[in-house]
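Below: the structure, in structure tokens.
The values are calculated or read from the model by the stated rules, or taken from the named source; none is laboratory data. Owing to the predicted nature of the structure, the values given are computational and were not obtained by experimental measurement. Neighbour counts are summed over all protein chains in view; Cβ atoms, including those assigned to glycine, are modelled from backbone coordinates with ideal geometry.
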Amino acid sequence: MTLLDSSLPGFPDAAPLAGLAGGVLIGLAAALMLLGVGRIAGVSGIAARAFGLASGSQPRLGAWAFIIGLPLGALIVTSLTAASTPAFANPVTLAMAGVIVGVGTRIGSGCTSGHGVCGMSRLSQRSLVATATFMATGFATVAAMNALGIAVLP
């Protein structure tokens with residue numbers, strides 16, 4: 001089994017090359033933002049600036065361009081490739097999850113992109129603790145949902 005295989009044993013939907021390419025692009029975007037603008041590519045902070053909920057040196061227009069570019073980029077890749085159409089939970093569940101994640105990012109002073117990508121790469125102690133916390137919480141949530149027989153996606 002090599003990295004070039006389209007799937008992994010036990011994981012028929014795995015796409016290692018797509019994951020590798022996505023990871024490289026996320027890392028490149030984070031590095032370019034840090035080196036080019038001097039800002040951490042934390043999506044929650046960028047979204048807060050876009051909606052005027054946080055101050056910062058980044059113009060609101062730049063924050064909006066970043067936020068709009070996230071789903072737009074995914075839409076472009078999906079339309080140009082044979083990528084499967086993503087499945088989403090119902091809108092009420094998505095809204096509730098968004099509020100919970102938003103509260104968590106405020107309490108944790110950042111999100112997975114800020115702490116997990118940018119903070120971890122800088123060996124920030126605060127980010128190491130935050131990343132360990134949200135990873136452990138995610139593992140526990142999935143384990144609990146599996147134990148209760150609750151499907152994650154429809």
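Within segment 26-41, the residues that satisfy the criterion of being surrounded by fewer than 12 Cβ atoms within 10 Å (Cβ to Cβ) and under 30 Å from residue 82 (Cβ atoms) are 28, 32. The single condition among (1) within 29 Å of residue 16 (Cα to Cα); (2) of a type outside the set (Val, Ile, Thr); (3) in the same structural domain as residue 15 (by TED's automatic domain parsing); (4) without any contact (Cβ under 8 Å) to a residue 40 or more places away in the chain that residue 132 does not satisfy is (3).
Exactly one residue out of 131, 137, 105, 78 is surrounded by 13 or more Cβ atoms within 10 Å (Cβ to Cβ) and either in contact with a strand residue (DSSP E or B) (Cβ under 9 Å, 6 or more places away or on another chain) or modelled with pLDDT of 85 or more (or both), and it is 131. The set of residues in segment 113-125 being more than 7 Å from residue 42 (Cβ to Cβ), in contact (Cβ under 8 Å) with a residue 40 or more places away in the chain and buried (at least 18 other Cβ atoms within 10 Å of the Cβ) consists of 115, 117, 119. Residue pairs whose Cβ atoms lie under 9 Å apart, separated by 6 or more positions or on different chains, with the first residue in segment 30-42 and under 17 Å from residue 131 (Cβ atoms) and the second part of a loop (DSSP other than H, G, I, E, B), are 30/40; 30/41; 40/110; 40/122; 42/110; 42/111.
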